[in-house]
1. When residues of region 111-135 are filtered for being in contact with a Phe, Trp or Tyr (Cβ under 9 Å, 6 or more places away or on another chain), farther than 18 Å from residue 352 by Cα and part of a loop (DSSP other than H, G, I, E, B), how many remain?
2. With respect to residue 100, determine if the residue is free of Cβ contacts under 8 Å to residues at least 24 places away in the same chain and part of a loop (DSSP other than H, G, I, E, B).
3. Out of region 303-351, which residues are among the aromatic types (Phe, Trp, Tyr) and either touching a Pro at 6+ places or on another chain (Cβ under 9 Å) or over 22 Å from residue 106 (Cα atoms) (or both)?
4. Strands (runs of 3 or more DSSP E) wholly in region 244-340 with at least 1 residues that are among the basic types (Lys, Arg) and modelled with pLDDT of 95 or more - which ones?
5. For region 141-192, enumerate the residues that are in contact (Cβ under 8 Å) with a residue 60 or more places away in the chain, of a type outside the set (A, V, I, L, M, F, W, C), touching a helix residue (DSSP H, G or I) at 6+ places or on another chain (Cβ under 9 Å) and part of a strand (DSSP E or B).
6. From 175, 130, which residue is over 20 Å from residue 210 (Cα atoms) and surrounded by 24 or more Cβ atoms within 10 Å (Cβ to Cβ)?
7. Can you pull out the residues in region 222-243 that are hydrophobic (A, V, I, L, M, F, W, C), in a loop (DSSP other than H, G, I, E, B) and at pLDDT 95 or above?
Amino acid sequence: MRLLSAAVCTTLAAALLASCSGGNMGSMTSSVPGTQSGASKVQALHHAGAVSIIPRSVLPKTKMKLKGHQAPPQEMKGIYAAEFLGSSVLGYTKNNSSNSAAICNFGGVASVNNVATDTVGNLIVPNAFGGVIVGQGPDMCPTTTDTITDSYGQASDAASVNAESGPIVVGNILGPGYVVNCTVSSNSCTELTPGSAGIGEVAGVAMDKAGNCYADSYNAAFTAVEVTYWAGCTGTGTVMSGFLNTGYGGLDVDNKGNLVSFNWHGSAGTDLWVYSVSGSALTSVSDNSLTENTAIFGHVGKQGQRLVVGAYSIGQEDIYQYSPTTLTYYYSFNNGLTPSLDTEGVAYSPSSKK
């Protein structure tokens, strides 16, 4: 991942340690590494926003109209694509094998690493230091939104079963990172206590249909990747046993209740590791390579038969036929996407039925 650090580091470990000791809360950084040659390097994007004299913690929940255009009324299902250096989340039809243009856009966002949807089609945008935006579905690219104040750093991934009425788990990428539980009703987020190994840089988060939360991250010592589990998305987390990934990445939960994890190895590629879940224990179901392009985020579709991933290295979205044991490339689209804008985040709407 392109990790939070104000300096260019020569190795991933150095980048992680630098971000742990000197992360800049005022910089916004993509999850994906830069394209410089040689060893892994980190590129920091500096935030120059104005600071209000009124503390963010006392601001009321806001309702706002965002720039952009909503999808036609019949478009209640589709695919969202986010570019880290773009200013809009683009909405496409759910089957875009013809590579058609976006049918709508959800504007007014910045430095978005990943996007998510819930089971009813609400859009969730972790808008870096701008809070967590919930667009009220099920229509694609909704215009009515709520913005939740997140004071724990740079929001970079989120998940929920119903974002309007229930909890939203949010990953804040800064190392050490924070995993928080947010709600629209309270317009606030509460930190979830890490497990015994602590939490370093956060990659992806997920929530199952029972409301349990998961986070994929480095441990506090930055010596290994781990998945932490919070029963009911509250209290103190447990580091899950049986996690075999050697690289970190996005998470999802499929229709069978399996934890779907991106095992990202930078330029060496990405594999999708699927685990069955029993409490805080994981058991490997399959480990299949993404055959087309490297990606760090992706989501399973509502019926559990498709997986869409953000192919950041080429600026497109790749769609695979998915089952817990098999992964087969299906098609790609890139109409309206720009490789230089860092295409990372992507999600089907609605999400997997969990």
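1. The qualifying residues number 3.
2. no
3. Those that are among the aromatic types (Phe, Trp, Tyr) and either touching a Pro at 6+ places or on another chain (Cβ under 9 Å) or over 22 Å from residue 106 (Cα atoms) (or both): 312, 320, 322, 329, 330, 331.
4. Result: 306-311.
5. Result: 188, single match.
6. One residue alone meets the criteria, 175.
7. 224, 240, 243
Rundown of residues vs (1) small (Gly, Ala, Ser); (2) within 22 Å of residue 215 (Cα to Cα), yes/no style:
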site: 103; (1), (2): no, no
site: 122; (1), (2): no, yes
site: 136; (1), (2): no, no
site: 185; (1), (2): yes, no
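The values are calculated or read from the model by the stated rules, or taken from the named source; none is laboratory data. Only a predicted model underlies this, so the values are computations on that prediction, with no experimental measurement involved. Don't worry about glycine lacking a Cβ; one is built from the backbone with ideal geometry, like all the others, and counts go over all protein chains shown.
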